[in-house]
1. Please turn the phi angles of the range 19-28 into ³J(HN,Hα) values with the Karplus equation 6.51 cos²θ - 1.76 cosθ + 1.60 (θ = phi - 60°), one per residue in order, whole Hz, x for glycine and proline.
2. Longer than 20 Å from Cα to Cα, which of LYS225/LYS326; LYS22/LYS225; LYS217/LYS319; LYS225/LYS314; LYS225/LYS313 are they? Say none if no pair is.
3. If you average the C-alpha positions of the range 103-147 and of the range 297-315 separately, how far apart do those two centres end up, in angstrom?
4. Rounded to the nearest 0.05, what FRET efficiency do ALA159 and THR224 have when you use their Cβ-Cβ distance and R0 = 25 Å?
5. How compact is the range 62-156 by the rule of thumb for globular proteins, expressed as Cα Rg over 2.2 N^0.38 Å?
6. For GLU78 and VAL119, compute 0.36 nm times the residue count separating them, minus their Cα-Cα distance, and round to one decimal in nm.
7. I want to check the label-to-label distance for ASP102 and ILE32. Put each point 7 Å from Cα in the C-beta direction and report it in nm to one decimal.
8. Name the lysines eligible as straight-distance cross-link partners of LYS63: C-alpha to C-alpha under 20 Å, and not fewer than 8 places from it in the same chain.
Amino acid sequence: MGKLGNLGARLHHGEIGYDFVKNRKLWYGISILITITAIVGLAVRGLHMGIEFQGGAVFTTPKNMSVSVSQAESYAEEASGHDAIVQKLGDGSLRIQIAGTDTEASDQIKEQLSQDLDVPAERINADLVGPSWGDQVANKAWQGLGIFMVLVVIYLAIAFEWRMALAAFVALVHDITITVGIYALVGFEVTPGTVIGLLTILGYSLYDTVVVFDSLKEQTRDITKQTRWTYAEIANRSINSTLVRSINTTVVALLPVGGLLFIGGGVLGAGMLNDISLSLFVGLAAGAYSSIFIATPLVADLKEAEPQMKALKKRVLAKRAQAAAKGEPAEFETDLHEDRYDDEEPDDAAPAVVGPRNQPASRTRGRGRPSGKRR
């Protein structure tokens with residue numbers, strides 16, 4: 001943990017770092033490829049909607065049933081003529097879901113299951129879910145998702161700016177598309193728990209994104225008053241300074257969710273956990289990825305399209321070219337939080353380069369003053 005903390009400190013102070021923004025076209029390409037795969041899976045296989053959305057019947061048998069899940073599925077499909085989903089609960093009872101059945105068909109299916117499972121009909125509990133109720137659930141889910149997205153965009157536009165709001169919106173859509181596409185590819189059932197999981201992972205994704213945006217907003221204050229860094233370089237430094245924090249947050253969240261998915265749903269056979277745990281697991285990973293590789297690089301692209309930022313980049317590059325022509329080595333600066341921008345910098349000062357600091361201890365730093373923090 002000490003090494004990880006030291007790494008985080010070095011990333012935060014800009015002593016080391018990876019140029020995420022420079023390689024943004026690669027990340028964009030990877031995201032586009034994954035998104036297209038998810039959309040194709042969604043179009044080809046479609047979503048396996050739960051009974052709560054399409055209506056049907058749910059039958060619950062008594063405890064300690066000796067019939068296997070596969071055998072019960074066979075019985076249910078023969079009795080109904082529809083696909084059936086069977087889950088074995090912790091007390092040994094079976095939960096049998098059959099979509100697209102009405103009251104009359106439900107009674108017939110119940111009688112047939114009673115004979116096949118060798119259980120008295122009165123001991124099999126039957127619950128009906130009407131299709132109109134399922135439509136209401138689906139509409140409420142879409143409304144909740146839409147309201148969440150609108151509120152997110154409004155908040156970010158007020159707290160930061162519209163470019164950051166747009167970038168965060170793109171990242172959230174990216175996360176939702178990938179998660180839904182994975183659901184279509186693996187064939188897991190979509191239930192209200194899935195919708196809850198989607199809303200939850202959007203919150204995690206937004207948290208990671210806002211952490212980076214807050215650092216970026218602080219470090220780009222009065223950016224046009226200096227000629228040491230471009231907007232993209234400061235954006236990259238914001239990602240690196242919060243990188244370890246984002247990784248730690250994601251890993252801590254993924255561990256218990258992974259336990260639910262792989263141990264609870266896979267090993268123990270608690271299939272009802274799959275609907276929410278898969279959306280959480282995929283969404284958390286996609287959210288961490290999008291906050292680092294999509295949202296902030298996209299903000300850098302949008303900002304550097306502004307005339308002011310174009311002019312700043314031109315001045316920064318011109319100053320560096322001038323210093324290189326004079327044979328002056330690039331001077332690495334102190335932490336951005338400590339070295340605020342101002343206009344007192346002489347024209348012949350060596351420009352800073354975002355990256356490791358490796359200048360000799362004997363060099364002076366700043367504007368001709370001895371080594372140390374600037375005042």
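Each value in this text was obtained by applying a stated rule to the coordinates, not by laboratory testing. The structure presented is a predicted model; accordingly, all values stated were derived computationally and were not measured. No Cβ is skipped: glycine too gets one built from the backbone with ideal geometry, and neighbour counts run over all protein chains shown.
1. For the range 19-28, the Karplus-derived couplings read 7, 5, 5, 4, 9, 5, 5, 5, 5, 4 Hz, x marking Gly and Pro.
2. Where the Cα-Cα span goes over 20 Å, the pairs concerned are LYS225/LYS326; LYS22/LYS225; LYS217/LYS319.
3. With the range 103-147 and the range 297-315 each reduced to a Cα centre, they are spaced 57 Å.
4. It comes out at approximately 0.75.
5. This ratio for the range 62-156 stands at 1.48.
6. Taking 0.36 nm per residue and subtracting the Cα distance, the gain is 13.1 nm.
7. So the two model labels end up 5.0 nm from each other.
8. LYS88, LYS110
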